[in-house]
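Colleague: Quick one: structure below, then a few questions.
Values in this text are rule-based calculations from the coordinates and carry no lab data. From a predicted model like this one, the values you see are computed outputs, not experimental measurements.
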Amino acid sequence: MKAATADEAKFVVEKLEAHGRRMLAAGVAMKASNPAGAADLVQRCATAFKGSDVGAEAADTLREWKKDKGFQTAIKAAQQLAKLQVLRAFGDEPDGKITPEMVKAVPASMRRQMADAVRGIQKTVPGSENAATALRLATEFGLDMDAAP
């Protein structure tokens, strides 16, 4: 009876560790395309598997990424983009489209802040998915991207 229980426990531990390794690998794989998502996934892995080898690897990966200035800059750009995308939630259209009424309702000071955020994203992570999304939002809101920050 004890041998069967030990075998079952070993099986469960192996499956959990394999899941942790897949989680860590997925986070590392998405580092370039989705830095904020990658950092979140690796953080969750480090927390969930704390005290194990995979948890230690995830924690080491996070420490390494915190030293990477380019990666930290990309995360900041993603955070700026998330703030811009929140505005979309205030729209009345179920398809997420920005209506002309919504564009008119945005105060000038907020439009300048939005444009500054888009320029910051474009400068920080040019050519990225985040930069393209920010530019689409700028277009939808009719932001003046040529004005000096």
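Colleague: For a quick check, take a GNM of the chain with Cα springs below 10 Å and name the residue from Ala32, Ala138, Ala108 with the largest mean-square fluctuation.
Modeller: The residue with the greatest mean-square fluctuation here is Ala108.
Colleague: Between Val42, Val28, Val12, where does the largest GNM mean-square fluctuation fall for the chain, given springs only between Cα atoms within less than 10 Å?
Modeller: Looking only at Val42, Val28, Val12, the biggest GNM fluctuation is shown by Val12.
Colleague: Still on this model: Name the residue, out of Gly55, Gly127, Gly27, whose mean-square fluctuation peaks in a Gaussian network model built on the chain with Cα pairs under 10 Å.
Modeller: Gly127
Colleague: Okay, moving on. Need the list of lysines near Lys66 for cross-linking: C-alpha distance under 18 angstrom, and skip anything on the same chain fewer than eight residues off.
Modeller: Lys31, Lys76
Colleague: Right, next: Given a cut-off of 17 Å, what percent of all Cα-Cα pairs of the stretch 2-67 lie beyond it?
Modeller: When every Cα pair of the stretch 2-67 is considered, 42 percent fall beyond 17 Å.
Colleague: D for the chain, whole µm²/s, Stokes-Einstein with Kirkwood Rh over alpha-carbon pairs at 25 °C and 0.890 mPa s: what number?
Modeller: This corresponds to a translational diffusion coefficient of 137 µm²/s.
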